[in-house]
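Enquirer: After the structure tokens below, expect a handful of questions from me.
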Amino acid sequence: PDFTNVPGLKNICPTGDIFERWLLFHAGVSGLSGYCFGRSLQELSMKFSYVDFDGKSIFADLENLPKDVESPEMEQYLRKHCGNVMRGYEQVRDSLNNLPNLFM
């Protein structure tokens, strides 16, 4: 995703490589700056890897996979099988939502 237009982020992370380190320090989430994939260094895009889950447990529980991806049941299913990935998303969200407090 591209975070370039997140209000206030460019003030503390003017380049993708700085944003990469900021995310690791503030959110505990590792990613690679889009610069590593040919994007501009000034673009705050990031590539994340979403492989921290137990595939065996997911396949064993496929009969309980909700049909509606927008349902609360799907969120429960993902939290059960992909909890670390879900927490990582939340940590990124919370860190970015907390940006205004860094300038107070």
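The values are calculated or read from the model by the stated rules, or taken from the named source; none is laboratory data. Please read these numbers as outputs of a predicted model, since none were measured by experiment. Here the Cβ is made from the backbone with ideal geometry for all residues, glycine too, and neighbour counts use every protein chain on show. Accessible surface is based on the protein model in full, side chains and every heavy atom, while ligands, DNA and RNA are left aside. Shrake-Rupley method; radii C 1.70, N 1.55, O 1.52, S 1.80 Å.
Enquirer: When the expected Rg is taken as 2.2 N^0.38 Å, what fraction or multiple of it is the alpha-carbon Rg of the chain? Walk me through the numbers on the way to the answer.
Expert: Details: Rg = 16.2 Å, N = 104, 2.2 N^0.38 = 12.8 Å.
Cα-based Rg divided by the globular estimate yields 1.26.
Enquirer: Rank these residues by their accessible area, most exposed first, probe 1.4 Å: Val29, Val51.
Expert: In descending accessible area the options line up as Val51, Val29.
Enquirer: Would you mind calculating the relative contact order of the chain from Cα pairs under 8 angstrom and at least 6 residues apart, reporting the percent as a whole number?
Expert: It rounds to 28 percent for the chain.
Enquirer: Helix 72-81 versus the longest principal axis of the chain: what angle, 0 to 90°, nearest 10, using Cα atoms?
Expert: 80
Enquirer: Summing -39500 (n - 2.57) over the DSSP H runs of n ≥ 4 in the chain and dividing by its residue number, what mean residue ellipticity at 222 nm do you reach, to the nearest 500 deg cm²/dmol?
Expert: That calculation yields -13500 deg cm²/dmol at 222 nm.
Enquirer: With every protein chain kept in the model, how would you rank Lys80, Lys56, Lys67 by accessible area, 1.4 Å probe, largest at the top?
Expert: Details: Lys80 140, Lys56 170, Lys67 190 Å².
Ranked from most to least accessible, the order is Lys67, Lys56, Lys80.
Enquirer: Work out which GluC sites (Glu not before Pro) in the chain are exposed loop sites (DSSP not H, G, I, E or B, at most 16 other Cβ within 10 Å) and give the longest gap free of them.
Expert: So the longest stretch without any such site is 1-42.
Enquirer: Net charge within 10 Å of Gly31 by Cβ-Cβ distance, Lys/Arg positive one each and Asp/Glu negative one each, not counting Gly31 itself?
Expert: 0
Enquirer: Treating cross-link reach as a plain straight distance, find the lysines whose alpha-carbon is under 24 Å from the alpha-carbon of Lys10, omitting any fewer than eight places away in the same chain.
Expert: Lys47
Enquirer: What is the Cα radius of gyration of region 10-60 over 2.2 N^0.38 Å, N being its residue count?
Expert: Output field value: 1.43.
Enquirer: About its Cα centre, what dipole magnitude does region 3-87 give when the only charges are +1 on Lys and Arg Cβ and -1 on Asp and Glu Cβ, stated in debye to the nearest 20?
Expert: Approximately 340 debye in magnitude.
Enquirer: If you don't mind, another one. Test of understanding: what is the full-extension gain from Lys10 to Leu24, defined as 0.36 nm times their sequence separation minus their Cα-Cα distance?
Expert: Gain on extension, Lys10 to Leu24, equals 3.4 nm.
Enquirer: Would you mind checking the tilt of helix 83-97 against the longest principal axis of the Cα atoms of the chain, expressed as 0 to 90 degrees and rounded to 10?
Expert: The answer is roughly 30 degrees.
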